[in-house]
There are 2 protein chains.
Amino acid sequence: MNIGEASERSGLPAKTIRYYEDIDLVAPDRAENGYRDYSLSDVHRLRFLHRARNLGFSIDECRLLLSLYTDRNRASADVKAMAEQRLTEIDAKIQALQSLKAALQPLVDCCHGDERPDCPILDDLAGFHAKRSQAQA
Amino acid sequence: MNIGEASERSGLPAKTIRYYEDIDLVAPDRAENGYRDYSLSDVHRLRFLHRARNLGFSIDECRLLLSLYTDRNRASADVKAMAEQRLTEIDAKIQALQSLKAALQPLVDCCHGDERPDCPILDDLAGFHAKRSQAQA
DNA sequence: GCTAATCCTTCCAGTCGCTGGAAGGTCAAG
DNA sequence: CTTGACCTTCCAGCGACTGGAAGGATTAGC
């Protein structure tokens, strides 16, 4: 099938599919007219990539996951370790975002948000802690 | 002062400070020897940028925040709106990460993680839902 | 058979926010 | 006078695409 259909079936944009070929994640045949010709197995691979990317695995991790997937002798422990590391990263990001929120929320809360120029958010960014700016900095 | 001291005082790497000059976020004087010469006000600006970036504002948002900061006539509502949008984005990212986690965690939990090749994580990526892969896909 | 629309190709450039490195000038200490 | 730290510019690369130009192939309709 042509790239357009492979794109529809895998859910990946054609541009992305060509890019994945560039970086050797997939290697479709070529038809006589030069068009890429995707097999069902190629599409399967693309869907695999689509899912794995959606789960936040990097391209290199996807590459590894694919090789583990096609290696009938690999241990599931290898895959589990990668997934666990992803979970750890996800938790760390959630933590970071929550402390970001904790820093930003009080600033928003105490900013009156009206026509007056006095703004605690800018004051904080400028480094005025626990005071209101009166004069120019 | 030279860039090294400005770097120390602002907490930003010298490379980043030069980059900020490139994109017109800061415009230090030049000494006779061609070295950049930062004033206290420049350092203040850099610290402002450092804080705002740490709160997750994009470079363009920082540019706007700086202009709002130096505009004595701006309304605090403008800044509050930006900060609130940041909070919304933060919440959305937290949500996304949490559903990511919810998708990945059960896969990790049900993967036995041993020497056997059978692996529910790969099965899921390959699109085998609610079964164990027995034959090749 | 002709034309227009759609699909495909390759290649190059841009995104974002830096970061690394090369090649070379300047300055302070010993 | 040399060494080393600091500074300069410029160019390239990161990750993972995405946009667009220029042109070839195919298909549908007239």
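Here, each number is a calculation from the coordinates, and none is a lab measurement. Since the model is a prediction, treat every value here as computed from it, not as a measurement. Reconstructed Cβ throughout: ideal geometry from the backbone, glycine too, with neighbour counts over all protein chains shown.
Side notes on the structure shown:
- Residue within segment B:95-114 that is at positive phi and within 20 Å of the chain's Cα centre (by Cα) present: no
- In segment A:38-49, of all residues being surrounded by 19 or more Cβ atoms within 10 Å (Cβ to Cβ) and more than 9 Å from DNA strand D (Cβ to nearest atom), the one that is farthest from A:ILE3 (Cα to Cα) corresponds to A:PHE48.
- Residue match in segment A:21-37 (condition: within 11 Å of DNA strand D (Cβ to nearest atom) and surrounded by 16 or more Cβ atoms within 10 Å (Cβ to Cβ)): yes
- Selection count where residues are farther than 15 Å from B:PHE57 by Cα and surrounded by 14 or more Cβ atoms within 10 Å (Cβ to Cβ), scope segment A:94-109: 1
- Any hit, segment A:57-64, residues being facing chain B (nearest Cβ under 10 Å) and either in contact (Cβ under 8 Å) with a residue 12 or more places away in the chain or away from DNA strand C (no atom under 16 Å from the Cβ) (or both): yes
- If the condition is being surrounded by fewer than 16 Cβ atoms within 10 Å (Cβ to Cβ) and closer than 17 Å to B:GLU21 by Cβ, then segment B:54-66 contributes B:ILE59, B:ASP60.
- Taking residues in segment A:1-17 that are under 18 Å from A:ILE59 (Cβ atoms) and near DNA strand C (Cβ under 9 Å from one of its atoms), and partners anywhere that are in a helix (DSSP H, G or I) and polar (S, T, N, Q), the pairs with Cβ atoms closer than 8 Å and at least 6 places apart or on different chains are A:ALA14/A:SER7; A:ILE17/A:SER7; A:ILE17/A:SER10.
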